[in-house]
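J.: Take this structure, written in structure tokens, and hold onto it; I'll ask about it next.
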Amino acid sequence: MSKPIVSPPTFTERRKMNRRKISYYLPVMDSATKQVIGHLMNLSPIGLMMDSQVPIPTNMKYSLHMDLMEEIAGQASLEFVATSIWCLPDSIQPFLYNAGFSIIDISPEDLEVLKQIAEKYGEG
């Protein structure tokens with residue numbers, strides 16, 4: 001069994017909103033470089049989890065960008081700032097990493113888009 005890169009805090013007790021598993025394959029990119037950091041796995045209005053091919057350093061702020069298809073939200077993209085909270089190897093695919101983020105800055109318009117994505121493509 002592999003050791004975690006950083007042990008995740010007990011978010012299940014502290015999480016105020018349930019995240020919804022996303023059934024739509026959505027790349028999450030660095031806003032400045034447009035390089036893919038990972039792919040959205042689940043989300044709530046206050047946080048998200050993504051999978052990544054590389055470990056995500058924790059306790060760092062990231063300016064994130066997601067390109068959207070018009071049918072998802074009626075706009076081409078959204079941008080927000082999030083802090084990385086934890087990162088662990090995926091339990092099924094150990095060559096991938098799962099990383100949790102807390103959203104710390106997002107426009108009201110983009111927050112509504114995140115809610116629409118969770119409603120339209122989320123499970124749970």
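The values are calculated or read from the model by the stated rules, or taken from the named source; none is laboratory data. Remember, predicted model here, so these are calculated numbers, not experimental data. Virtual Cβ from ideal backbone geometry, glycine too; neighbours counted across all protein chains shown.
J.: Search region 49-70 for residues being in contact (Cβ under 8 Å) with a residue 40 or more places away in the chain and in contact with a Ser or Thr (Cβ under 9 Å, 6 or more places away or on another chain), and hand back the single one that is nearest to residue 81 (Cα to Cα).
T.: So in region 49-70, the residues in contact (Cβ under 8 Å) with a residue 40 or more places away in the chain come out as 49-56, 58, 61, 66-68.
Pick out the ones that are also in contact with a Ser or Thr (Cβ under 9 Å, 6 or more places away or on another chain) and you get 56, 58, 61, 66-68.
Details: 56: 15, 58: 14, 61: 7, 66: 12, 67: 15, 68: 17 Å.
Among residues in region 49-70 that are in contact (Cβ under 8 Å) with a residue 40 or more places away in the chain and in contact with a Ser or Thr (Cβ under 9 Å, 6 or more places away or on another chain), the one nearest to residue 81 (Cα to Cα) is 61.
J.: Take the conditions surrounded by fewer than 19 Cβ atoms within 10 Å (Cβ to Cβ), of a type outside the set (Asp, Glu) and touching a residue at least 24 places away in the same chain (Cβ under 8 Å) and apply them to residue 80. Does it pass? It would help to see each step written out before you state the result.
T.: Details: surrounded by fewer than 19 Cβ atoms within 10 Å (Cβ to Cβ): no; of a type outside the set (Asp, Glu): yes; touching a residue at least 24 places away in the same chain (Cβ under 8 Å): yes.
Spelling it out, it is not the case that residue 80 is surrounded by fewer than 19 Cβ atoms within 10 Å (Cβ to Cβ), of a type outside the set (Asp, Glu) and touching a residue at least 24 places away in the same chain (Cβ under 8 Å).
J.: Give me the pairs, please: first residue somewhere in region 101-123 and closer than 19 Å to residue 84 by Cα, second residue anywhere and at pLDDT below 85 and not hydrophobic (A, V, I, L, M, F, W, C), beta-carbon distance under 7 Å, and either six or more positions apart or on two chains.
T.: Close Cβ pairs satisfying both conditions: 111/45; 114/45.
J.: In region 101-116, is there at least one residue being at pLDDT below 85 and assigned to a loop (DSSP other than H, G, I, E, B)?
T.: No, region 101-116 has no match at all.
J.: In this structure, is residue 111 hydrophobic (A, V, I, L, M, F, W, C) and farther than 16 Å from residue 30 by Cα? Walk me through it before giving the result.
T.: Details: hydrophobic (A, V, I, L, M, F, W, C): yes; farther than 16 Å from residue 30 by Cα: yes.
Here the answer is yes, as residue 111 does meet what is asked.
J.: Quick test of your reading of the structure: residue 92 fulfils all but one of (1) touching a Ser or Thr at 6+ places or on another chain (Cβ under 8 Å); (2) more than 17 Å from residue 25 (Cα to Cα). Name the failing condition by number.
T.: (1)
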